[in-house]
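Visitor: Before we start, here is the structure in question, set down as structure tokens.
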Amino acid sequence: MNLGTLGCQREREEMRRRAKDEDSLELLLDTICNVFGSIVFIAILVAILSSSSSTEPDETSVYVSPAEIAASEARIAELENDIEQLEQNEAALFDEEEVEALILLDHLEDQERRAELRRAELDQWLQQFDEDAQKELDAVASERDAEESRIVKLREQLEAIDGEHMQVEARLPMQQRTNRHQIICILDNDQFYWLASGVVAAQIGDRLPNDDVQETSLSTIPARSRLTVRPGGGERVIENVSDMRRIGVMFEHLDSDRYFFNFAVRPDEVANFQRLRDAVLERGFRYQVFPLDAEQPLTLTKTTEPLFTQ
């Protein structure tokens, strides 16, 4: 026997086994259906028999006499009366309890209404409080922002003032103590005046008019005098101050190591002072400035205290 024949036999036996299994499953299902149908048929039959037996007259019924019926009716009436009495008592009792319950319910409802009103008032008060608190917070925040902004501006102004102060300090000339003789000059109404006194008058008094300024004694101790410019005196300040007669003589005959210019300046004479100052510095002289108000009188006090120049 070869391998092909053996394989064919095995396939035929496998097909026979599968056919037998399918036949067995069909028999089982058929049996289950038959049993179930029999049970349903029996149940229907029992129901029909029971229905027919209940409609037939009961031949074993007991006879009841009229007296027994009357006694039963009386007993039924008595029981009905008792039931009615019990219902009345129960209704009366229920009415009292119901009244109390209704009173209590009304009281509770009234308390609830009051509580609701109180809660509504509290809610309204809380809402108003929240709104007022928020407004106050907003106002405080606004004030805080304004204060912070003001502080920032003040800081900026302070920094600017500090910067200006530093610039002014940088621009201000150094004050130096000196033993030089002062040349007192007054700038008033575009005119240049000089005081012919002391060493300066002795040095150049014969070369310049010596009546530009009138000196009036105020006191002897200390020696104080008022200086007043003479109307029509002095010399007009020009653009090129070196060409002015008085300034030219001073530059020519006074030594810059022994003398310095001391200017008394009215508010409207700043420009003239700056021109004179530049010319003085250019010739090697030092100077000092004494600002005057528009109508402030000029007072000269003679003292032994040291002098300072710029």
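Visitor: Note down the net charge around residue 150, summing +1 for each Lys or Arg and -1 for each Asp or Glu among other residues with Cβ under 13 Å from its Cβ.
Guide: Residues near residue 150 contribute -2 overall.
Visitor: Show the residues, 5+ positions off or on another chain, whose built amide H is closer than 5 Å to the amide H of residue 264.
Guide: 185, 186, 187, 290
Visitor: Net charge near residue 215, counting Lys/Arg +1 and Asp/Glu -1 over other residues with Cβ under 13 Å of its Cβ?
Guide: For residues surrounding residue 215, the net value is +2.
Visitor: I'd like the accessible area for residue 48, computed on protein heavy atoms only with a 1.4 Å probe and all protein chains in place. Round to 10 Å², please.
Guide: We get 100 Å² for residue 48.
Visitor: Taking the simple approach of a point 7 Å from Cα along Cα-to-Cβ for both residue 174 and residue 31, what is their distance in nm?
Guide: Here the answer is 13.6 nm between the modelled labels.
Visitor: Right, another one. So who's got an amide H within less than 5 Å of the one on residue 298, skipping anything under 5 residues away but keeping other chains? H placed 1.01 Å off N, in plane.
Guide: So residue 298 has HN proximity to 227.
Visitor: Turning to a different aspect of this structure: List the residues whose amide H sits under 5 Å from the amide H of residue 195, counting only those 5 or more places along or on another chain, with H placed 1.01 Å from N in the peptide plane.
Guide: 184
Visitor: Order the peptides 181-188, 114-121 from the highest to the lowest mean number of other Cβ atoms within 10 Å of their residues.
Guide: Details: 181-188: 21.1, 114-121: 10.0.
Sorting 181-188, 114-121 by mean packing, highest first, produces 181-188, 114-121.
Visitor: Starting at the first residue of the stretch 297-309, write each ³J(HN,Hα) from the Karplus equation 6.51 cos²θ - 1.76 cosθ + 1.60 with θ = phi - 60°, in whole Hz, x for Gly and Pro.
Guide: Along the stretch 297-309, the couplings run x, 9, 10, 10, 10, 8, 9, 9, 5, x, 9, 10, 10 Hz.
Visitor: Lys and Arg at +1, Asp and Glu at -1: add these up for the other residues within a Cβ distance under 12 Å of residue 128 and post the number. Numbers along the way, then the final one.
Guide: Details: positive: 135; negative: 121, 123, 130, 131, 132.
Local charge sum for residue 128: -4.
Visitor: Still on this model: Considering the convex hull of the alpha carbon atoms of the stretch 217-295, report its projected area averaged over all viewing directions, in nm², one decimal.
Guide: Dividing the Cα hull surface by four gives the mean projection, 6.6 nm².
The values are calculated or read from the model by the stated rules, or taken from the named source; none is laboratory data. This is a predicted model, so every value here is computed, not measured. No Cβ is skipped: glycine too gets one built from the backbone with ideal geometry, and neighbour counts run over all protein chains shown. All accessible areas refer to the heavy atoms of the entire protein, side chains included, with ligands and DNA or RNA removed. Shrake-Rupley method; radii C 1.70, N 1.55, O 1.52, S 1.80 Å.
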